[in-house]
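Enquirer: Following this message is one structure expressed as C-alpha cells.
The values are calculated or read from the model by the stated rules, or taken from the named source; none is laboratory data. Nothing here was measured: the structure is a model prediction, and the numbers come from that model. Backbone-built Cβ (ideal geometry, glycine too); neighbour counts: all protein chains shown.
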Amino acid sequence: MTTIVLVRKNNEVVVAGDGQVSMGNTVIKSTAKKVRKIEKRNVIAGFAGSTADALTLFERLESKLEKHAGNLSRAAVELAKDWRTDKYLRRLEALMAIADKEKSFIVSGTGDVLEPEGDVIGIGSGGNYALAAAKVLMETDMKAEEVAKKSIKVASDICVFTNNNLNVEKI
C-alpha cells in the first residue's frame, strides 16, 4: 500500500510518493523510495505495490524505453502487454504512474495503459485522496511540486497506509 501522485502543471512534471512500507497492519519501513527517474530517457515513474515487484517493473520499463528509442507510449504498451502475458509478471499486483515531458500514463498488470483526462494521476491506497487534493490545488498558483507534496500530505492525514516521508522526482 502506498500513495503516488503525478502532477503536470506549467511545463513541469512531478511524481511524488510516500515512504511507508506495510505488511498487513504493521509499518515495516517509513523511508522507502517508490519514485524513480530514468535519467537517460527523461522519464519519471512512481509505483504502488510490493518492493520486489517495483524493482522488476522499473527495470522492464527502462529496457522497453531503450528498445523503443525513448517512445514512452510504445514502451508503456509493451510493458503492459508483457506484464499481462508473462507467466512470472502477471502475478504482480501493482500500478505504475509514468510520465515524460509530453505524456502521462497509468500502467497496470491487467494490460491497462490509461492516459488521464486531466493533468493529475493518483494511485495506491491513498491515491484517491491525493488525486482529489491535487485537483483542487491545481486551481491555485502553487507550482507542480508544491501541489504534489501537499497532495501526499493530505493523503497521509487520511490513509493509514501512507506517511509524509516524501520522495519527489521532476522533469
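Enquirer: If you go through the range 23-52, how many residues are surrounded by fewer than 19 Cβ atoms within 10 Å (Cβ to Cβ) and closer than 16 Å to Ile123 by Cα?
Expert: So the count comes out to 3.
Enquirer: For the range 115-155, which positions are buried (at least 22 other Cβ atoms within 10 Å of the Cβ) and hydroxyl-bearing (Ser, Thr, Tyr)?
Expert: Tyr129, Ser151
Enquirer: Pairs please, first residue from the range 43-60 and within 24 Å of Lys149 (Cβ to Cβ), second anywhere and of a type in the set (S, T, N, Q), Cβ atoms under 8 Å, 6+ apart in sequence or on different chains.
Expert: Cβ pairs passing all conditions: Phe47/Thr2; Ala48/Thr2; Ala48/Thr3; Ala48/Ser125; Gly49/Thr2.
Enquirer: Okay, moving on. Which residue, of Lys101, Lys40, is over 16 Å from Ala130 (Cβ atoms) and either in contact with a helix residue (DSSP H, G or I) (Cβ under 9 Å, 6 or more places away or on another chain) or in a helix (DSSP H, G or I) (or both)?
Expert: Lys40
Enquirer: Output the number of the condition that Asn163 fails; it satisfies all remaining conditions of (1) touching a residue at least 24 places away in the same chain (Cβ under 8 Å); (2) of a type in the set (S, T, N, Q); (3) surrounded by fewer than 22 Cβ atoms within 10 Å (Cβ to Cβ); (4) out of contact with any Leu (no Cβ under 9 Å at 6 or more places or on another chain).
Expert: (3)
Enquirer: Turning to a different aspect of this structure: Among the numbered conditions (1) assigned to a loop (DSSP other than H, G, I, E, B); (2) at pLDDT below 95; (3) over 22 Å from Asn42 (Cα atoms), tell me where Pro116 comes up short.
Expert: (3)
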